[in-house]
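Here the structure comes first, spelled out in structure tokens, and everything after it is commentary.
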Amino acid sequence: MTKHEPARGREQRKQDALDRLEQDEDAWVSTASQDGVPTLVPLWFVWDRGTLLMATRRTNPTAVNVTPAGQARIAVGHTRDVVLIEATAEVIEGADLAPESGDAFAAKFDWDLRNSPAWVYLRFTPTAIKAWREANEQTGRELMAEGRWLD
């Protein structure tokens with residue numbers, strides 16, 4: 001049996017979650033079709049002005065699924081140190097992407113898709129964020145609700 005770290009307070013969890021969002025590259029993105037068929041895929045992301053910016057082919061289920069309901073769940077990290085995000089989603093054409101957002105994505109991944117018509121950007125705006133490591137952090141795991149960081 002491993003010894004668990006002491007539970008973090010909300011401010012430390014928020015800072016750790018923000019650090020992960022700034023530094024990590026991959027996230028699991030879950031969406032559902034109009035018929036309720038779930039899709040779970042890993043995508044690269046950039047934490048861009050309080051949102052997660054990703055890209056995928058416009059024909060992939062993830063891009064198609066965000067159009068009907070505009071809802072997604074995203075997990076960053078691993079099961080013993082996770083940031084779980086509920087978000088609204090929107091599809092953005094490369095030509096419509098704010099230059100600073102496109103530059104941030106291109107700089108992080110050395111890949112600029114703004115002029116590639118087969119690809120679209122997805123912007124996920126968090127409405128709720130939870131973060132925890134172990135069972136001792138289940139209490140107080142809510143960091144954001146209704147789009148606002150909790151005190």
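The values are calculated or read from the model by the stated rules, or taken from the named source; none is laboratory data. Keep in mind that what you see is a predicted model, and the values were worked out from it rather than measured. Note that we place each Cβ from the backbone using ideal geometry, even for glycine, and neighbour counts take in every protein chain shown. Surface areas here come from the heavy atoms of the whole protein model, side chains and all, with no ligands, DNA or RNA. Shrake-Rupley method; radii C 1.70, N 1.55, O 1.52, S 1.80 Å.
Say a paramagnetic label sat at a point 7 Å from the Cα of residue 24, along Cα to Cβ; which residues of the range 80-104 have their backbone N under 17 Å from it?
What the label zone holds, given the 17 Å backbone N cut-off, is 80-88.
Can you give me the accessible area per residue for the range 99-151, using a 1.4 Å probe, in Å²? Please report the intermediate quantities before stating the final value.
On the way: 2890 Å² over 53 residues.
Normalised by residue count, the accessible surface of the range 99-151 is 54 Å².
Around residue 128, what is the net charge, scoring Lys/Arg as +1 and Asp/Glu as -1 over all other residues with Cβ under 11 Å from its Cβ? All intermediate terms of the calculation are to be shown ahead of the outcome.
Values: positive: 73, 130, 141, 148; negative: 86, 142, 146.
Local charge sum for residue 128: +1.
Computed FRET efficiency, Cβ-Cβ of residue 104 and residue 135, R0 22 Å: what is it to the nearest 0.05?
Numbers: r = 36 Å, r/R0 = 1.63.
That pair, residue 104 with residue 135, gives E of 0.05.
Please list the helices of the chain that count as membrane-span-like by this rule: a mean Kyte-Doolittle hydropathy of at least 0.0 together with Cα atoms stretching 30 Å or more along the helix axis, each helix being a complete DSSP H run. Please report the intermediate quantities before stating the final value.
Values: long enough: none.
Membrane-span-like by this rule: not one helix.
Ignoring ligands, DNA and RNA, please state the percent of accessible area on the chain from carbon and sulfur, probe 1.4 Å.
Values: 4270 of 8560 Å².
Solvent-exposed carbon and sulfur of the chain make up 50 percent of the total.
Could you provide, to the nearest whole Å², the per residue accessible area of the range 1-61 with probe 1.4 Å? Walk me through the intermediate numbers first.
Working: 3900 Å² over 61 residues.
With all protein chains present, the range 1-61 gives 64 Å² per residue.
Provide Rg over Rh for the chain; use the alpha carbon set for both Rg and the Kirkwood Rh (inverse mean inverse pair distance). Walk me through the intermediate numbers first.
On the way: Rg = 16.0 Å, Rh = 16.1 Å.
With Rg and the Kirkwood Rh in hand, the quotient comes to 1.00.
Okay, helix-only estimate at 222 nm for the chain: each DSSP H run of n ≥ 4 adds -39500 (n - 2.57), divide by all residues, round to 500 deg cm²/dmol; what do you get? Write out the running numbers ahead of the final one.
Details: 3 runs with 34 residues, N = 151.
Result for the chain, helices only: -7000 deg cm²/dmol.
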